[in-house]
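The values are calculated or read from the model by the stated rules, or taken from the named source; none is laboratory data. Computed from a predicted model, the values in this text were never measured in an experiment. Note: ideal-geometry Cβ built from the backbone for every residue, glycine included; neighbour counts use all protein chains shown.
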Amino acid sequence: MTDVPRRGLADVDTSVPNVARMNDYLLGGKDNFAADREAVGNLLAIAPEIREIALENRLFLRRAVRFLAEQGIRQFIDIGSGLPTQRNSHEIARSVTSDARVVYVEKDPVVLSHARAILIDSSRTAVVEGDILHPEAFLTECGLHGLIDLAEPLALVVCGALHFIPHSDDPFTSVAWLRDAVPSGSHLAITHVVFDTRPDVAEPIEEIYRAILDRPGETAARTRDQVLPFFDGFELVDPGLVWVREWRPENPLAARSPEKAWMLGGVGRKP
């Protein structure tokens with residue numbers, strides 16, 4: 001692995017860790033640099049489970065998108081999607097229904113550059129700049145592309161973004177705004193790291209991310225009870241908000257020791 005800038009990264013400062021590139025490294029990708037790998041090394045020294053959590057998050061996203069497509073959802077908004085990897089949301093959805101439409105929403109310039117170069121493989125895929133904390137702006141943009149019909153049910157997919165947003169930014173209000181803006185029959189799929197079983201690592205992990213995100217003194221650490229309100233106004237789909245390994249595993253053996261990947265996942269339906 002070299003640190004020569006790759007496509008879409010020529011104007012990016014690679015000497016500073018980036019959350020999206022760190023996740024890419026955890027997933028075995030090649031779009032990361034020494035600073036990203038060093039930051040991941042510091043995290044793994046605190047909690048080696050973090051690599052497994054990143055992998056399980058991706059597996060949950062694939063299962064959730066497939067489930068939603070099987071329920072008849074034909075339009076998806078993937079918010080905070082991260083760097084493109086294998087089996088992205090549009091590929092999963094179209095493996096079930098060829099007419100699925102997917103919009104990726106990202107604010108990270110690294111991700112935007114890559115996504116626009118790689119993900120737009122058809123007229124049914126788009127990438128827009130946006131932030132979960134400003135939902136009205138990106139939802140309007142999604143509608144303008146003609147891909148998302150806001151009068152028809154859709155899926156909001158937020159896998160791996162909410163646990164970086166501190167309490168002071170009140171992400172619950174943003175998710176509630178989206179809930180009210182989408183029609184009945186729409187779904188919300190989220191994942192969220194929690195520290196219920198590992199409270200000892202919450203502060204050192206938070207300290208690393210606060211430095212990377214330049215958010216000194218702010219925390220985004222949450223427990224299951226603090227994550228559950230994201231689904232207010234939604235009916236949780238069976239099996240509810242559970243450890244990601246437990247959410248509709250393709251193989252029952254994959255759900256063994258679910259608490260070792262301390263990330264929750266759930267899907268809710270707006271009545």
(request) Would you check which residues across segment 132-143 are of a type outside the set (Phe, Trp, Tyr), assigned to a helix (DSSP H, G or I) and either in contact with a helix residue (DSSP H, G or I) (Cβ under 9 Å, 6 or more places away or on another chain) or in contact (Cβ under 8 Å) with a residue 12 or more places away in the chain (or both) and list them? (result) PRO135, GLU136, LEU139, GLU141, CYS142
(message) If a residue must be within 27 Å of VAL12 (Cα to Cα) and free of Cβ contacts under 8 Å to residues at least 12 places away in the same chain, how many such residues does segment 71-115 contain?
(response) 1
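Within segment 82-131, work out how many residues are polar (S, T, N, Q) and in a loop (DSSP other than H, G, I, E, B). Show your work before the answer.
Let us first name the residues in segment 82-131 that are polar (S, T, N, Q), namely 85-86, 88-89, 95, 97-98, 113, 122-123, 125.
In the following step, the residues that additionally are in a loop (DSSP other than H, G, I, E, B) were identified as 85-86, 88, 97-98, 122-123.
Here the count works out to 7.
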(request) Return the only residue of PHE67, PHE60 being surrounded by 17 or more Cβ atoms within 10 Å (Cβ to Cβ), in a helix (DSSP H, G or I) and touching a helix residue (DSSP H, G or I) at 6+ places or on another chain (Cβ under 6 Å). (result) PHE60
(request) Please enumerate the residues belonging to segment 133-175 that are in contact with a Pro (Cβ under 7 Å, 6 or more places away or on another chain) and small (Gly, Ala, Ser). (result) ALA151, SER174
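For every residue, the table says whether it meets (1) under 17 Å from LEU154 (Cβ atoms); (2) at pLDDT below 95; (3) among the small types (Gly, Ala, Ser).
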residue: ALA34; (1), (2), (3): no, no, yes
residue: GLU49; (1), (2), (3): no, no, no
residue: GLU56; (1), (2), (3): no, no, no
residue: ARG74; (1), (2), (3): yes, no, no
residue: ARG87; (1), (2), (3): no, yes, no
(message) Yes or no: segment 178-188 includes at least one residue that is surrounded by fewer than 18 Cβ atoms within 10 Å (Cβ to Cβ), in contact with a strand residue (DSSP E or B) (Cβ under 6 Å, 6 or more places away or on another chain) and in a loop (DSSP other than H, G, I, E, B).
(response) no
(message) Pairs please, first residue from segment 198-225 and touching a residue at least 60 places away in the same chain (Cβ under 8 Å), second anywhere and in a loop (DSSP other than H, G, I, E, B) and surrounded by fewer than 16 Cβ atoms within 10 Å (Cβ to Cβ), Cβ atoms under 9 Å, 6+ apart in sequence or on different chains.
(response) ILE212/VAL16
(request) Return the only residue of GLU250, GLU259 being surrounded by fewer than 17 Cβ atoms within 10 Å (Cβ to Cβ), modelled with pLDDT under 95 and outside any loop (DSSP other than H, G, I, E, B). (result) GLU259
(request) Could you list, in sequence order, all residues of segment 148-173 that are part of a loop (DSSP other than H, G, I, E, B) and in contact with a Ser or Thr (Cβ under 8 Å, 6 or more places away or on another chain)? (result) PRO153, LEU154, GLY160, PRO166
